[in-house]
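Chemist: First, the structure itself, so that you have it in front of you.
The values are calculated or read from the model by the stated rules, or taken from the named source; none is laboratory data. Here the structure is a predicted model, which means the values were calculated and not measured. With ideal geometry, Cβ positions are generated from the backbone for all residues, glycine too; neighbour counts draw on all protein chains shown. Surface accessibility is based on the protein's heavy atoms, side chains included, excluding ligands, DNA and RNA. Shrake-Rupley method; radii C 1.70, N 1.55, O 1.52, S 1.80 Å.
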Amino acid sequence: MNSPHLSPDAARNRIIIRTWLGVVVLAIVALVIVGGATRLTDSGLSITQWKPIHGVVPPLTQADWEEELELYRQIPEYQQINKGMSLSEFKTIYWWEWAHRLLARGVGLIFAVPLLVFWVSGRIERPLKLPLVIILALGGLQGVIGWWMVSSGLVDRVDVSQYRLATHLTLACIIVAAIIWVSRGLVRYSSDKPPSDHSVLVAGVLAMMVLLQIYLGGLVAGLDAGLAYNTWPLMDGTLVPPNLFVIEPWWLNLFENAKTVQFTHRVFGYVLWFCVLIHMVSSMAQAPGSTHARRALVLFVLVSLQAGIGIVTLLLQVPVFWALVHQAMALVVLAFAVAHWRALRGSYHPTGIAIEQFRV
């Protein structure tokens, strides 16, 4: 619902802007899913050069394909894992990576071109301009980080760095969160007051915890840690498996020991689930029947569903379908957690124009 202080034109512009941002979010979700498929099919190193413009055009002739395959033959992944790969097999992994890069370019255009049009036509309100420019800059940075990630697997490794993969995934999620935050600020908030004085802070912490859990999931993916210890609730036969800290210094185990990384992802998932449960129970007890209590319930349901999908993915030894569902669902949980946080924060001023609440 729009604020009564908005003119019809301003209200219509907000609808247009929110629709555009919604399309961008959907495109990023698709991009993350294709990126996950690229990782799961071991296709991410098939294109060994970064050509932001020229790279839009795929190989068109037999000679072009032979040239791309020859470049791939120079990297450790081919020499140590895929030696003797046929051109037909190479095309399969090449198309996954090419599709991922093409979709990334498409997301950039979907965001940048309408932004320019709306800006020039005066549809973007002044407080929106800086946040949207920052999101655009983050998108450009994401492209650079994507190549930084790929380059880590072209010389001394047979795969990309788990640090860089987790960073790449997390930045995509930060961009989604930023878009959701901006978009949610373009509608009038509920007149229901937050359940408590701490509800806004708690919702913000929960959103940050979801983001951190996604980062931990990126480390799991980067180390292929989900392909081992495929039992639940026990791991390696116990609740707390041995040999979690065999690497020195100890903290490196949190990033480089596949067993520790999977265990950390599991345990933090339990902590997140419990915190969301407490938030739901508290919200429903302090503000029964309120919009915020219902959203807290929905958030708990989404986190529980995501936990279930994660367990299924683990028990089935990470099949592509379930792994991609798990990854996509993580974005859904994050988007809802951010929207819930934004709505609680705005509820202190339910009759004002939502966009006025951009300042932290």
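Chemist: Give me the one-decimal Kirkwood hydrodynamic radius in Å for the chain, with the sum taken over alpha-carbon pairs.
Modeler: Details: mean 1/r = 0.0450 Å⁻¹.
For the chain, inverting the mean 1/r across all distinct Cα pairs yields 22.2 Å.
Chemist: Let me ask another. Which percent of the accessible heavy-atom area of the chain goes to carbon and sulfur, probe 1.4 angstrom?
Modeler: Working: 12090 of 17460 Å².
Of the solvent-accessible surface of the chain, carbon and sulfur hold 69 percent.
Chemist: On to the next question. Report, largest value first, the span of the C-alpha coordinates of the range 217-277 along each principal axis, in whole Å.
Modeler: In descending order, the Cα extents are 36, 22, 19 Å.
Chemist: Under 17 Å between alpha carbons, and skipping anything fewer than 8 positions from residue 129 in its own chain: which aspartates and glutamates qualify?
Modeler: Result set, ordered by chain and number: 356.
Chemist: Hydropathy at least 1.0 by Kyte-Doolittle, axial extent at least 27 angstrom from the Cα trace: which helices of the chain, defined as entire DSSP H runs, fit? Walk me through the numbers before you get to the answer.
Modeler: Values: long enough: 8-40 (48 Å, 1.27); 87-120 (48 Å, 0.90); 126-151 (39 Å, 1.28); 162-184 (33 Å, 1.19); 199-222 (34 Å, 2.10); 258-286 (42 Å, 0.83); 291-315 (36 Å, 1.52); 320-346 (39 Å, 1.30).
Both cut-offs are met by 8-40, 126-151, 162-184, 199-222, 291-315, 320-346.
Chemist: Using a 1.4 Å probe, how large is the accessible area of residue 42, given in Å² and rounded to the nearest 10?
Modeler: Accessible area of residue 42: about 90 Å².
Chemist: If N is the number of residues in the range 49-138, what value comes out of its Cα radius of gyration divided by 2.2 N^0.38 Å?
Modeler: 1.58
Chemist: Okay, moving on. Straight distance only, please: which lysines reach the Cα of residue 51 with their own Cα at less than 24 Å, same-chain residues fewer than 8 apart left out?
Modeler: Reachable lysines: 91.
Chemist: Moving on. Which residues make up the longest stretch of the chain clear of chymotrypsin sites (Phe, Trp or Tyr not before Pro) that lie in a DSSP loop with no more than 16 other Cβ atoms within 10 Å, not counting the sites?
Modeler: Details: sites that count: 50, 245, 348, 358.
Answer - 51-244.
Chemist: Another question, then. At 1.4 Å probe radius, can you tell me the per residue accessible area of the chain in Å²?
Modeler: 48
Chemist: Quick check on packing: order 311-318, 123-130 by the mean number of other C-beta atoms within 10 Å, highest mean leading. Mind showing how you got there, number by number?
Modeler: Working: 311-318: 16.1, 123-130: 14.4.
The packing order, highest mean first, is 311-318, 123-130.
Chemist: If you project the alpha carbons of the range 150-298 onto their three principal axes, what span does each projection cover, largest first, in Å?
Modeler: 57, 38, 26
Chemist: Okay, moving on. Quick one: dipole size for the chain, taken about the Cα centre, charges +1 on Lys/Arg Cβ and -1 on Asp/Glu Cβ, in debye to the nearest 20. Intermediate results must be reported in sequence, preceding the final value.
Modeler: On the way: 25 positive and 20 negative charges, 313 e Å.
The dipole of the chain has a size of about 1500 debye.
Chemist: So for the chain, taking the charge dipole from beta-carbon charges (+1 Lys/Arg, -1 Asp/Glu), which of 217, 203, 104 sits furthest toward the positive end?
Modeler: Highest projection toward the positive end goes to 203.
Chemist: Another question, if that's okay. Using the Kirkwood radius built from alpha carbon pairs, what does the Stokes-Einstein equation give as D for the range 96-209 at 25 °C and 0.890 mPa s, in µm² per second?
Modeler: Translational diffusion coefficient: 146 µm²/s.
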